[in-house]
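Taking it in order: structure first as structure tokens, then the write-up.
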């Protein structure tokens, strides 16, 4: 059975195949676009991701209003305990 690619940062684990974020074994529910943004950030840790690149990857063939970009990463979406330091892998 192939092992699923998984990243760990701080107390969090992100399973790339299942697009599943967990903390201490408990699943953390994220909206699909927030999950895709997190996947892009984690898999490109240590690299600068330009906003335009992120838009093309997460919202292909879609026009996205600037005001909508903050919604997936709003406080209500951020799992408890997740900080920028957790993503510094």
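Can you tell me how many residues in region 13-50 are surrounded by fewer than 12 Cβ atoms within 10 Å (Cβ to Cβ), in contact with a strand residue (DSSP E or B) (Cβ under 7 Å, 6 or more places away or on another chain) and in contact (Cβ under 8 Å) with a residue 12 or more places away in the chain?
Number of matching residues: 0.
Take the conditions assigned to a helix (DSSP H, G or I), surrounded by 12 or more Cβ atoms within 10 Å (Cβ to Cβ) and touching a helix residue (DSSP H, G or I) at 6+ places or on another chain (Cβ under 6 Å) and apply them to residue 53. Does it pass?
On the way: assigned to a helix (DSSP H, G or I): yes; surrounded by 12 or more Cβ atoms within 10 Å (Cβ to Cβ): yes; touching a helix residue (DSSP H, G or I) at 6+ places or on another chain (Cβ under 6 Å): no.
The answer is no for residue 53.
With respect to the numbered conditions (1) in contact with a helix residue (DSSP H, G or I) (Cβ under 8 Å, 6 or more places away or on another chain); (2) modelled with pLDDT of 85 or more, which one is the sole condition not fulfilled by residue 72?
Of the numbered conditions (1) in contact with a helix residue (DSSP H, G or I) (Cβ under 8 Å, 6 or more places away or on another chain); (2) modelled with pLDDT of 85 or more, the odd one out for residue 72 is (2).
Do you know which of the residues in region 57-69 that are assigned to a helix (DSSP H, G or I) and loosely packed, with under 13 Cβ neighbours inside 10 Å is modelled with the lowest pLDDT?
Initially, region 57-69 is screened for residues assigned to a helix (DSSP H, G or I), giving 57-58, 66-68.
This time we only want the ones that are loosely packed, with under 13 Cβ neighbours inside 10 Å, so: 66-68.
Details: 66: 69, 67: 68, 68: 65.
Here the residue is 68.
Looking at 30, 38, can you tell me which residue is in a helix (DSSP H, G or I), under 24 Å from residue 52 (Cα atoms) and at pLDDT 90 or above?
Values: 30 fails: in a helix (DSSP H, G or I).
Every option except 38 fails the conditions.
The values are calculated or read from the model by the stated rules, or taken from the named source; none is laboratory data. Computed from a predicted structure; not experimentally measured. Ideal geometry is used to build each Cβ from the backbone, glycine not excepted, and the neighbour counts take in all protein chains shown.
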